[in-house]
1. Taking the residues in region 136-185 that are touching a helix residue (DSSP H, G or I) at 6+ places or on another chain (Cβ under 7 Å) and not hydrophobic (A, V, I, L, M, F, W, C) as candidates, determine which candidate is surrounded by the most Cβ atoms within 10 Å (Cβ to Cβ).
2. Failed condition for Asp128, given (1) within 15 Å of the chain's Cα centre (by Cα); (2) surrounded by fewer than 23 Cβ atoms within 10 Å (Cβ to Cβ), with all others met?
3. Here is a list of conditions, (1) within 30 Å of Leu210 (Cβ to Cβ); (2) modelled with pLDDT under 95; (3) hydroxyl-bearing (Ser, Thr, Tyr), and Ser109 meets all of them except one; can you say which number that is?
4. Quick check on Arg94: is it of a type in the set (D, E, K, R), within 15 Å of the chain's Cα centre (by Cα), closer than 30 Å to Ile222 by Cβ and assigned to a helix (DSSP H, G or I)?
5. Which residue, of Glu212, Glu207, is within 20 Å of Thr134 (Cα to Cα) and modelled with pLDDT of 85 or more?
6. With (1) modelled with pLDDT under 95; (2) within 22 Å of Ala55 (Cβ to Cβ) as the list, and Leu176 as the residue in question, which single condition is left unmet?
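The values are calculated or read from the model by the stated rules, or taken from the named source; none is laboratory data. Fair warning: this is a prediction, and the values are worked out from it, not measured in the lab. As a convention, Cβ positions derive from the backbone with ideal geometry for all residues, glycine included, and neighbour counts pool all protein chains shown.
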Amino acid sequence: MARMRQWGAGAASVVAVLTLVSCSRPQPPKPPAAPPKAAKPLPEPSTAAAEALAALRAAAKPVSSYQMTMNSAGAEITVWASLKDGQTTRYKVRTDPASYMLHDLPAKSVYTVTDKPKRAVQKHMAADAKMPPTPVETMVRLASGASAISDETVDGVACAKVTASHSGKAEIIVWLDKQYALPRQMQSGGVTVKLVYQHINEVPDDEFKLPEGVPVVDGGNIAAPVHGTGMPKAGAKSPPMPEMPAGHPAPGTGK
């Protein structure tokens, strides 16, 4: 449950990133540090790259559902998503074998389902709540403002390698597959995130139903929405949620 609380709502929008902390043991004296090198200039958006990215999205096949496993340095998260007209309406997030979260926009509910105790805690979204962005949607939007785009293969899948900058602070590279415009890999700040898909457009509706016989406990209303999503604020240990530019198409919609 501790891992589930850490991912929580952030699992819908955060990219799996591990913070590496060096040991604090004593070190021998070091020579004076060399003057810092000038920061590498971030890539500027390119009209040609933006047009190529728009063409890729327009040609992509529609996506109605998928199962995706995301891995970064051994940290793993699996997401099942159901989409309607290119917008996610339900998704399930699992970070450990004994528990998962189910976000159900039509039901205006978020369920935390656990094996011990065996139950589903239901929290109610506000009437005007929106789904928080999934990791897939986050990466697609981070690819907006592309400065360069080229062809490259990731794990045998033909992709467009898109280079962009995020909030003018960091360079981000996202590999979008050419069939569905779904992200297959992302790199930023020395961290690589891999995404592996199964059952694209073939996830059954039963995947988003609560297990039969599991008691449902009313957990009350979600009272502290984040950015108007109707989702609770992340706890102190949750990964930071990246800012995302609005107004860009969801994967596979071309809109």
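1. Step by step, filter region 136-185, then rank; the result is Pro183.
2. All conditions are met except number (1).
3. (2)
4. No, not satisfied.
5. After ruling out the rest, the residue left standing is Glu207.
6. The single condition Leu176 does not satisfy is (1).
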